Amino acid sequence: MKDISVQEKIGILQCVDFFAKLEREELETVAFNSELLKMPRGSILFGQGAPSRELFIIRDGEVMITKMKEYGQDIDLAQYLPVECFGELDLFGAKERDATAVTMKDSSILIFPKKGIDFPDLLQQYPRISARILRNLLITVSDRVRNTHRHIGEKSRWMMELRRTLYVDRLTGLYNKHYLMDSLQEIVPAGSESVSMLMIKPDNFKTLNDSYGHAAGDKVLMLIAIFIQSVLREGDIAVRYWGDEFLVILKRTDREKALAAAKEIGRTIREVDLTTIARGDGMLLSVSVGVSFLPDDSEDPVKVIEQAYERMMSARNKGGNRIAVKPL
C-alpha cells in the first residue's frame, strides 16, 4: 500500500490528546516516523508474547483486545473504535504483550513508531520532542485515572460498554457463556416454573468449516444466530454456548411450545440457502436439538442445561437432524 502524506498522518495524530498538544514541527517528526496499515477484518495486530513497542491510533475500523485464559476461553478486554488510541504505555515497557489485538472490521491503523524504528532511539535522536510527548502522556494517564475513579459504581456508558464487551459474543451478537455463568441465577431464579432449555448444534458444521474455510463457517454461525433470535420472545435468552453450540432459554414455556420452537429452528436452518457460502455444492445444514425442562427434569438450572446437552449429543449420535426429549 502506498503510504499516506505527512499531512494526513498529522490529521490522525491530532485526534489524540498528547499528540494534539505538540507544535507543527514536532508533529511532522512524529508523522514521518509513523506508518498507516490497512488490515482486513480478522487480522492479528499483535499476539500474546509479542514485544510491546508501539502505540496504535485507529483511523477507521474496530479492534478488540482479547486474552486467552488457562482453560482455553478468550476473554474480551477492550474494544477500540475510530480516533481511539491504545498501547501508549507499551512504548516504554518493551516487555511481552499479555493479550491479542484483532481487527473486527476492515481497519486503517496508524502505528508509531513505524517498523524498523525503536522508540528509545527516537528518544535519543529527538530529546525535546520526546520530553513533551512524555509530559503530555503522563497528564493524559492521570486524567484517565481520575475519570475512572469518578465513574466507578455508576451506570455510565463506559461501564455499559464494558459489560457488553465481556458478555456478548462478538461474532453472533448473542450472549456468551461468561454471561450465562455469571447471570444464571438472575435468568432462572429459584422457584422458577415452566422454563425450557434447548441445546442446538449443527450436525455437519465441521464438514462445512473444513471444506470451505472459517469465513464460511462464521457466516453460517451468524445465520444460525439470526434464526434462533427469530423465535425468541421478550424475556427469552439465547447464548452462544461453545463453538457451534447454542443454548436457548425459554421462559413461561411448556413442553408443547418448547418442542414447537425446536422444530421451527430446525426447519428454518434446513432451509438456509448455502449456495454462495458452499460455492454451489448444494450442501444443506441440519441440527440436533436437546430439550429439557425446569422443574420437571430438575430444579437446578445447571443440571437442566446439562440434560439438554446430553440429549443433544444423543440426537447427534443417532444420526442427527432430530430433537431429543425425555418421553412422557
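The values are calculated or read from the model by the stated rules, or taken from the named source; none is laboratory data. Only a predicted model underlies this, so the values are computations on that prediction, with no experimental measurement involved. Heads up, the Cβs are rebuilt from the backbone with ideal geometry, glycines too, and the neighbour counts pull from every protein chain shown. Note: areas computed on protein heavy atoms with side chains; ligands, DNA, RNA excluded. Shrake-Rupley method; radii C 1.70, N 1.55, O 1.52, S 1.80 Å.
Expressed as a whole percent, the accessible surface of region 184-239 that belongs to carbon and sulfur atoms is 52, based on a 1.4 Å probe. Across the options Ala216, Phe46, Cys85, the greatest Cα extent toward the positive end of the charge dipole of the chain (unit charges at beta carbon of Lys, Arg, Asp, Glu) belongs to Ala216. Against the main long axis of the alpha-carbon atoms of the chain, helix 157-167 sits at an angle near 50°. Pairs of Cα atoms nearer than 8 Å and 6+ residues apart set the relative contact order; for the chain it is 14 percent. Using a cut-off of 25 Å between Cα atoms, the listed pairs Lys9/Lys219; Lys67/Lys177; Lys201/Lys251; Lys95/Lys115; Lys105/Lys219 include Lys9/Lys219 as exceeding that distance.
Take Asp106: with every protein chain present and a 1.4 Å probe, its accessible area is about 110 Å². The convex hull drawn around the Cα atoms of region 1-49, when projected onto a plane and averaged over every direction, covers 4.7 nm². Using heavy atoms of the protein chains and a probe of 1.4 Å, the accessible area assigned to Asp60 is about 60 Å². I'd like the accessible area for Lys251: 1.4 Å probe, protein heavy atoms, all chains in place, Å² to the nearest 10. Roughly 40 Å² of Lys251 is accessible to a 1.4 Å probe. If you look at the Cα atoms of the chain, you get an Rg and a Dmax of 24.7, 80 Å.
The listed residues Asp182, Asp203, once ranked by accessible area (1.4 Å probe) with the largest placed first, stand as Asp182, Asp203. Of the listed residues Glu310, Glu28, the order by accessible area with a 1.4 Å probe, largest first, is Glu310, Glu28. Count Lys and Arg as plus one, Asp and Glu as minus one, and take only other residues whose Cβ is under 13 Å from that of Leu274; the net charge is then 0.
Volume per residue for region 175-312 equals 94 cubic angstrom (convex hull of Cα atoms). Excluding ligands, DNA and RNA, the accessible surface per residue across region 162-309 is 48 Å² with a 1.4 Å probe.
Entry note, region 227-328: relative contact order of 20 percent, from Cα contacts under 8 Å with a spacing of 6+ residues. The length gained by stretching the chain between Val83 and Arg270 to full extension, at 0.36 nm per residue less their Cα-Cα distance, is 63.1 nm.
Take the Cβ atoms of Lys67 and Ser183, set R0 to 22 Å, and the FRET efficiency comes out at 0.55. In a fully extended conformation the segment linking Ala50 and Cys15 would gain 9.9 nm over its present Cα-Cα distance, using 0.36 nm per residue.
The simple spin-label model puts a point 7 Å past each Cα toward its Cβ; for Ser194 and Leu134 those points are separated by 6.9 nm.
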